[in-house]
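J.: Please find one structure pasted underneath; my questions will follow.
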Amino acid sequence: MLDIRNAVKIFERGTSLEHTALNRLNLHLDAEEFVTIIGSNGAGKSTLFNAICGTFLLDEGSIVLAGQDITYLKEHRRALSIGRVFQDPMKGTAPHMTIEENLSLAYSRATAKPLSFAPSRKQVALFKERIAEFGMGLEDRMKTRVGLLSGGQRQAVTLLMCTIVPPKLLLLDEHTAALDPATADKVMDITRRTVAQYRLTTLMITHNIASALSTGTRTIMMDEGQILFDISGGERANTTVDDLLRSYSASRHKALDNDRMLLQDKR
Ligand SMILES: Nc1ncnc2c1ncn2[C@@H]1O[C@H](COP(=O)(O)OP(=O)(O)OP(=O)(O)O)[C@@H](O)[C@H]1O
Ligand SMILES: [Mg+2]
């Protein structure tokens, strides 16, 4: 489904700030795999997502998504088949537009119809049905401006905007990190249910190692622009947070360093 081969991205090339953010990285995802990604600050996790989305072109390597070589495809064209939720709840939605208008815009974009803020009655019914599945009561607030919603509610709306037409690939970049723990749990629950129900091929970056190991089907750890560990199945089921931290220190001779990795993650 997703095939990244030999991906190289070097920032500030030729200057004293030259930094290799992706260092001959290879990653293959089968359809419907749900892979969680962990790693130190600066490991290249978000850069990997930017490369997949076409925020910039790779310096070397190739990306194939669902049989299509997208290595040189423009970002807005890739956005038709890739959904992405960021950490910042302000980022995915237009605050002055209502829930309904935001969803309508996302829907017309994903179905390649002329952009429309005014959904048909049938579309409104679909939006309401989907948002009701989240169990947040947002189906009764379709005419509320998104700027008035809480961070968790906004992330839920963004997640729905990204999946109202199931994308070929869903990318979640620490999308619960800015939320309080209870809300983060709720949004994670919604995420798991949405991914399972629509059988979405998904990559999720998280700083919460326990949640990385218990969510999805496979966990990879990135470091210095490469994949350091890639575990799934029984091996993953038998791996604890401490095992992962220990293996990291043993292979890198330093501790995993991520400012959002809190002690409470070691549950
Ligand atoms: N546009 C850019 N220009 C220059 N350097 C960049 C750019 N984007 C990322 N980098 C650098 O590339 C490296 C990888 O950054 P990236 O954002 O991918 O890390 P990350 O694994 O997502 O870390 P974090 O856990 O802190 O979010 C870092 O050293 C970062 O400073
Ligand atoms: Mg990042």
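The values are calculated or read from the model by the stated rules, or taken from the named source; none is laboratory data. None of these values were measured; they are calculated from a predicted model. Please note: Cβ atoms are built from the backbone with ideal geometry, for glycine as well, and neighbour counts cover all protein chains shown. Note: accessible area is taken over every heavy atom of the protein model, side chains too, but ligands, DNA and RNA are not part of it. Shrake-Rupley method; radii C 1.70, N 1.55, O 1.52, S 1.80 Å.
J.: On the full set of protein chains, 1.4 Å probe, figure out the accessible area of MET1 and give it in Å² to the nearest 10.
T.: Answer for MET1: close to 70 Å² accessible.
J.: Can I ask one more? Which percent of the accessible area of segment 90-166 is formed by carbon and sulfur heavy atoms (probe 1.4 angstrom)?
T.: The value for segment 90-166 is 57 percent carbon and sulfur by accessible area.
J.: While we're on this one: Give a quick list of trypsin sites (Lys or Arg not before Pro) in segment 39-88 that DSSP marks as loop, anything other than H, G, I, E or B, with at most 12 other Cβ atoms within 10 Å. Intermediate results must be reported in sequence, preceding the final value.
T.: Working: sites: LYS45, LYS74, ARG77, ARG78, ARG84; in loops: LYS74.
Qualifying residues, ordered by number: LYS74.
J.: Per residue, how large is the accessible surface of segment 90-166? Use a 1.4 angstrom probe and give square angstrom.
T.: Per-residue value: 49 Å².
J.: To the nearest 20 debye, what charge dipole does the chain have about its Cα centre, counting +1 at the Cβ of each Lys and Arg and -1 at the Cβ of each Asp and Glu?
T.: 820 debye
J.: Around ASP59, what is the net charge, scoring Lys/Arg as +1 and Asp/Glu as -1 over all other residues with Cβ under 11 Å from its Cβ?
T.: +2
J.: To continue, here is another question. What ³J(HN,Hα) values, in whole Hz, does the Karplus curve 6.51 cos²θ - 1.76 cosθ + 1.60 give for segment 23-32 when θ = phi - 60°, with x put for Gly and Pro?
T.: Working through the residues one at a time gives 10, 6, 8, 10, 8, 10, 10, 7, 4, 6 Hz.
J.: Ignoring GluC sites (Glu not before Pro) that are buried or in helix or strand per DSSP, and keeping those with at most 12 other beta carbon atoms within 10 Å, what is the longest stretch of the chain between them?
T.: Longest run free of exposed loop sites: 19-267.
J.: Quick one: work out the % antiparallel among DSSP beta bridges in the chain, nearest 5.
T.: 55 percent
J.: Can you show me the helix-derived [θ] at 222 nm for the chain, built from DSSP H runs with n ≥ 4 at -39,500 (n - 2.57) apiece and divided by the number of residues, rounded to the nearest 500. Spell out each step's value before the answer.
T.: Working: 9 runs with 90 residues, N = 267.
Result for the chain, helices only: -10000 deg cm²/dmol.
J.: Cα extents of segment 197-267 along the three principal axes, largest first, in whole Å?
T.: 40, 25, 24
J.: A further question follows. Under DSSP H, which helices of the chain have Cα atoms covering 27 Å or more of the helix axis and a Kyte-Doolittle average no less than 0.0?
T.: Answer set is empty.
J.: Another one. Which of ALA7, THR111, ASN258 sits farthest toward the positive end of the charge dipole of the chain, with +1 on the Cβ of Lys and Arg and -1 on the Cβ of Asp and Glu?
T.: Positive-most Cα among the choices belongs to THR111.
J.: If you don't mind, there's one more thing I want to ask. If you plug each phi of segment 86-93 into the Karplus form 6.51 cos²θ - 1.76 cosθ + 1.60 with θ = phi - 60°, what whole-Hz ³J(HN,Hα) values come out, in order, with x for Gly and Pro?
T.: Running phi through 6.51 cos²θ - 1.76 cosθ + 1.60 with θ = phi - 60° gives 8, 5, 7, x, 6, 7, x, 10 Hz.
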